[in-house]
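Structure first, commentary second.
Bear in mind these aren't lab numbers, they're just calculated from the coordinates by the rules spelled out. Only a predicted model underlies this, so the values are computations on that prediction, with no experimental measurement involved. For neighbour counting, all protein chains shown are included, and Cβ atoms are generated from backbone atoms with ideal geometry for every residue, glycine included.
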Amino acid sequence: MDLGLKGRRALITGGSRGIGRAIVETLAAEGVNLALCARGEAGVQEAVAAARAHGVQAYGQALDVRDRDAMEAWFSTATQQLGGLDMVISNVSTRPTERGDAMWREALEADLLQHVRLAELAVPVLLTGQEPSLLFIASIASVMTQLPPAEVAYGPMKAALINYAGQLASRNGAAGLRVNAVSPGPVFFEGGEWDRMRVSKPALYAAVSKLPALGRLGTPEEVAKAVVFLSSPAASYITGSNVRMDGGTIKTANF
Ligand SMILES: NC(=O)c1ccc[n+]([C@@H]2O[C@H](COP(=O)([O-])OP(=O)(O)OC[C@H]3O[C@@H](n4cnc5c(N)ncnc54)[C@H](OP(=O)(O)O)[C@@H]3O)[C@@H](O)[C@H]2O)c1
């Protein structure tokens, strides 16, 4: 199947590691020119080089997506570098470091508001793009009520993000913009959240590893393939969806 992505233009937040990095490489392999960001400069440069190795234009900038001014400046630069935008993938999550009220405010900023700000910047530009798509990376934590204490605010923010994606889909569908969410289950990669859990909380890691019906954690590449398909013209009738990609971790019938 031809995804119809060659020469298209994408912006990805958090493209230096894990799911975001796999999305960058999968898009580049499909011939997509792209811009990415992350906080660490070295990771950004490495991901840009990996994308360019596929023969596409790739640009990167080190910034914190919670910094409104830095985001606005990067968005404007990236859009100019790419000559417009056809796809935006809002991928970043940042674990809170605070406790109590401060943790909830931090989670609101890290897992909801920065996505909303990016969408507000992106929608007008996407509406001038080709078969445009906006996609948010959510999580199955959005529907889980037995979350580890460190994720008490993360799940509710991801649930809000899915609702917001649906609202944007309703509002912008007639103008041709598709908006979707992808909710991964536990995804393992070296240096990622579950690699850290494997070492710091082996009992929790062992329990979580048994949850997926497929009997294993997912990979960033598996999530990236679905994200790239949903962002492509091949998914032209899919909007307002939340695609759960969890290897059968959540055991409900999805009516
Ligand atoms: N891994 C899982 O099991 C899993 C499961 C369900 C959902 N998800 C979701 O999938 C998405 C990606 O998670 P991941 O586990 O693949 O990767 P991750 O380890 O959370 O890193 C994500 C990327 O975002 C960047 N980043 C983090 N905070 C940032 C900030 N404030 N500003 C700019 N860039 C930032 C990181 O680079 P820097 O650190 O250099 O900034 C990295 O490139 C998140 O939305 C997460 O909630 C993950």
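Annotations for the structure displayed:
- For segment 183-208 versus segment 49-94, the inter-centroid distance based on Cα atoms is 28 Å.
- Segment 9-245 - percent relative contact order, Cα under 8 Å, separation 6 or more: 19 percent
- Entry note, segment 1-112: relative contact order of 27 percent, from Cα contacts under 8 Å with a spacing of 6+ residues.
- Amide H contacts of Gly60 (H built 1.01 Å from N, under 5 Å, at least 5 apart or other chain): Leu36
- Dipole axis of segment 9-245 (+1 Lys, Arg; -1 Asp, Glu on Cβ), positive-most option in Ala102, Leu177, Pro202: Pro202
- A rounded overall shape is assigned to the chain, the ratio a/c of its alpha-carbon gyration tensor axes (a ≥ b ≥ c) being less than 1.5.
- Trypsin sites (Lys or Arg not before Pro) restricted to segment 1-105 and DSSP loop, no more than 14 other C-beta within 10 Å: Lys6, Arg99
- Protection proxy ranking of 212-223, 151-162, by the mean of other Cβ atoms within 10 Å over each peptide's residues and highest first, is 151-162, 212-223.
- Ranked by how many other Cβ atoms sit within 10 Å of their own Cβ, fewest first, the residues Phe136, Phe188, Phe255, Phe229 fall in the order Phe255, Phe229, Phe188, Phe136.
- Using θ = phi - 60° in the Karplus curve 6.51 cos²θ - 1.76 cosθ + 1.60, the 3J(HN,Hα) couplings for segment 65-81 round to 5, 7, 8, 4, 5, 5, 5, 4, 5, 5, 4, 5, 4, 4, 5, 5, 4 Hz; x is entered for Gly and Pro.
- J(HN,Hα) series, segment 222-227, from Karplus relation 6.51 cos²θ - 1.76 cosθ + 1.60, nearest Hz, glycine and proline x: 5, 5, 4, 4, 5, 4
- Within segment 63-109, GluC sites (Glu not before Pro) in DSSP loop having at most 12 other beta-carbon neighbours inside 10 Å: Glu98
- For segment 102-154 versus segment 214-248, the inter-centroid distance based on Cα atoms is 16 Å.
- Within the chain: Cβ-based charge dipole about Cα centre, in debye rounded to nearest 20 (Lys, Arg +1; Asp, Glu -1): 480 debye
- Here the Karplus curve 6.51 cos²θ - 1.76 cosθ + 1.60, taken at θ = phi - 60°, turns the phi angles of segment 106-120 into couplings of 5, 5, 4, 5, 6, 10, 9, 4, 5, 5, 5, 5, 5, 4, 5 Hz, with x standing for Gly and Pro.
- Lys/Arg +1, Asp/Glu -1 at C-beta; the chain dipole; positive extreme among Ser232, Ser142, Gly84: Ser142
- Rounded to the nearest 20 debye, dipole of segment 6-129 from Cβ charges on Lys, Arg, Asp, Glu: 320 debye
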